[in-house]
């Protein structure tokens, strides 16, 4: 009976908030290339579930993301061994989920990022997600992440207006959250996101920036 109630609650939650992720995706992007590795490219979006003409085709986006994921894995191969309570902090929208290209009730994982996360987990890293989505969406977000293959060791959401309050507010919230994570004894060996506001402020040994195509991909 309890399981049936939980499943029903999950269905209601997804039904209520499923249309929200694209509108509430982190919007604190800029043209600064602040990561250790970044993708690039412009073009038109075709056959990819979106309508932003400033975005490249899906295949190019995945290629650009793969470049960054490979650089992150190379770094983590040496950074994870010996680290005390190692953790990787990920943004959610367009960093681990295909929010803009393939939105839906359950948004698909970005394949190269899922592979990186699963590998890092197998190497002893905790996977912690810090998103500009409101915290009231955490239940839905965790269902989405888990259902597409991510292990979720921590999930932090913002206030109702955090994701829409501009890059400075978003960066401040994410920096404070990483500091709090460190306060729990974690070593944040890598911080990965697709916007500068995901990565600024320190509290990570290394940052990796996925492409945002000059802010076209929030």
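The values are calculated or read from the model by the stated rules, or taken from the named source; none is laboratory data. From a predicted model like this one, the values you see are computed outputs, not experimental measurements. Cβ: placed from backbone, ideal geometry, glycine included. Neighbour counts: every protein chain shown.
Some observations on this one:
- Just so you know, in segment 166-190 the residues that are at pLDDT 90 or above and not in a helix (DSSP H, G or I) include one that is surrounded by the fewest Cβ atoms within 10 Å (Cβ to Cβ), and it is 185.
- Of the residues making up segment 207-218, those that are buried (at least 19 other Cβ atoms within 10 Å of the Cβ) and more than 15 Å from the chain's Cα centre (by Cα) number 1.
- Verdict on residue 87 being assigned to a helix (DSSP H, G or I), in contact (Cβ under 8 Å) with a residue 12 or more places away in the chain and under 14 Å from residue 120 (Cα atoms): no
- Considering only residues in segment 191-205 that are surrounded by fewer than 24 Cβ atoms within 10 Å (Cβ to Cβ) and touching a helix residue (DSSP H, G or I) at 6+ places or on another chain (Cβ under 6 Å), the one that is nearest to residue 99 (Cα to Cα) turns out to be 200.
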